[in-house]
Amino acid sequence: MFDTRICRLLGIEYPIIQGGMAWVATHELAVAVSEAGGLGIIAAGNAPPDVIREEIINFKKKSQKPFGVNIMLMSPFAEDIVGIICEERVPVVTTGAGNPGKYIDKFKKHRIKVIPVVPTVSLAKRLERIGVDAVIAEGTEAGGHIGELTTMALVPQIVDAVDIPVIAAGGIGDGRGFLAALSLGAEGVQMGTRFVCSTECTAHDNYKEMIVKSKDRDAVVTGRSTGRPVRVLKNNFAKEYLELEKKGTPFEELESLGAGRLRLAVKEGEVTVGSVMAGQIAGLIKDIKPCRKIIEDIVKEAELMLKNIASLKGGVFFE
Ligand code: TUI
């Protein structure tokens, strides 16, 4: 029922892609998502190239399904990661936190599908012109490093501006969000926070539990003053960071305060003093379940909603 150009482009069953979350998106999570019919992604984050090569090899040992690697373009190793992706013949690349323009030719030569995250219409158009296969329109509801526009406003504007398929991201966590994204003209969704709360995700249980316990306003944005806005769950670290920003603390000082905090939360479970990156949809997530069940539930819910909409009579929606 949800067979879109994204399914055909990537060779997947459902147009559901897992976000490329630094430290969180290991090969274990990617294998689980790909085996469940979506597209699993290994996140390179700031990790050194050898670590990512090992992750790719481990994925291939466990699954024959399509998968991708996310390159965080602010990483000092971004260029080396590009080389490894080409050598290892990774089928799909997603990018974030920058413009991947200078790498597109190389990926195309290696027949690797490239799908950048774009926060604006202008970047989507520019990247379409130089040959990317699709774009991920990520709204400000997302976790981690974010743009300004909401998913609701960004997705239809990018859909109207380009001919390549658009994947919606930011604020999507269930069948309603999935169907809403398709209604906006997207041909797939990318979800991060929802997949953190999966049994296969290797993030510390404290991290998952903090998302499950969070409420609607618990995801806040640090780094607005530095020009690097990052959405995290409110905790001692976020409060201290926001206080220092209010006082006009210099960029370098804030950067060094944030260094290593994501690893601390994801790997050590230090969710009070670490950086717990998550999107605004965190408040909707109430359980930790297998990736297969996450995907099945979304597809079933969306199918049911479509049937209900089709039987809408005289303005009565749900009877
Ligand atoms: O990249 C993300 N989310 C991330 S990356 C990340 S790693 C990190 N760790 C610690 C501190 C800060 C970051 C955590 N979360 N999402 C995709 C995304 N890409 N959001 C926004 C963008 C983006 C921004 C500007 C994409 C392109 C862009 O282009 C600017 C240009 O040069 O045209």
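If the requirement is being under 30 Å from Ala180 (Cβ atoms) and either free of Cβ contacts under 8 Å to residues at least 12 places away in the same chain or touching a strand residue (DSSP E or B) at 6+ places or on another chain (Cβ under 8 Å) (or both), which of these qualifies: Lys246, Lys307?
Values: Lys246 fails: under 30 Å from Ala180 (Cβ atoms).
The unique qualifying residue is Lys307.
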Kindly check whether there is at least one residue in the range 285-305 that is modelled with pLDDT of 95 or more, under 28 Å from Ala47 (Cβ atoms), within 15 Å of the ligand (Cβ to nearest atom) and part of a loop (DSSP other than H, G, I, E, B).
-> no
What are the residue pairs meeting all of these: first residue in the range 88-101, first residue among the aliphatic types (A, V, I, L, M), second residue surrounded by fewer than 16 Cβ atoms within 10 Å (Cβ to Cβ), Cβ atoms under 6 Å, and 6 or more apart or on different chains?
-> Ala97/Met74
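Which of the residues that make up the range 24-51 are among the hydroxyl-bearing types (Ser, Thr, Tyr) and either assigned to a helix (DSSP H, G or I) or surrounded by fewer than 17 Cβ atoms within 10 Å (Cβ to Cβ) (or both)?
Here is the first cut: in the range 24-51, the ones among the hydroxyl-bearing types (Ser, Thr, Tyr) are 26, 34.
Ser34 - this is the single residue of the range 24-51 that is among the hydroxyl-bearing types (Ser, Thr, Tyr) and either assigned to a helix (DSSP H, G or I) or surrounded by fewer than 17 Cβ atoms within 10 Å (Cβ to Cβ) (or both).
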State yes or no: is Arg8 away from the ligand (no atom under 16 Å from the Cβ), more than 19 Å from the chain's Cα centre (by Cα) and either closer than 25 Å to Leu184 by Cβ or not assigned by TED's automatic domain parsing to the domain that holds Glu148 (or both)?
-> yes
A careful count of residues in the range 56-72 that are under 18 Å from the mean Cα position of the chain (by Cα) and either surrounded by fewer than 18 Cβ atoms within 10 Å (Cβ to Cβ) or farther than 21 Å from Ala259 by Cα (or both) gives 4
How many residues are over 13 Å from Ile81 (Cβ atoms) and either touching a strand residue (DSSP E or B) at 6+ places or on another chain (Cβ under 6 Å) or not assigned by TED's automatic domain parsing to the domain that holds Gly175 (or both) when one looks only at the range 42-60?
-> 1
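Tell me, which helices (runs of 4 or more DSSP H) lie completely within the range 187-267 with 2 or more residues that are aromatic (Phe, Trp, Tyr)?
Details: elements: 193-196, 205-213, 236-246, 251-258.
The qualifying helices (runs of 4 or more DSSP H) are 236-246.
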Residue in the range 125-138 that is nearest to Val155 (Cα to Cα), counting only those that are among the small types (Gly, Ala, Ser) and either crowded, with 24+ Cβ neighbours inside 10 Å or within 9 Å of the ligand (Cβ to nearest atom) (or both) = Ala137
In the range 26-39, how many residues are free of Cβ contacts under 8 Å to residues at least 60 places away in the same chain and closer than 21 Å to Ala134 by Cα?
-> 3
Failed criterion for His110 (all others in (1) buried (at least 16 other Cβ atoms within 10 Å of the Cβ); (2) free of Cβ contacts under 8 Å to residues at least 60 places away in the same chain hold) = (1)
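Of these, Gly269, Gly248, which one is surrounded by fewer than 15 Cβ atoms within 10 Å (Cβ to Cβ), on the phi > 0 side of the Ramachandran plot and not assigned by TED's automatic domain parsing to the domain that holds Thr140? Please lay out each step first, then the result.
Working: Gly269 fails: surrounded by fewer than 15 Cβ atoms within 10 Å (Cβ to Cβ).
None of the others qualify; the one that does is Gly248.
The values are calculated or read from the model by the stated rules, or taken from the named source; none is laboratory data. Note that the coordinates shown come from a computational prediction; the quantities given were computed from them, not determined experimentally. FYI the Cβ positions are ideal-geometry reconstructions off the backbone, even for glycines, and counts take in every protein chain you see.
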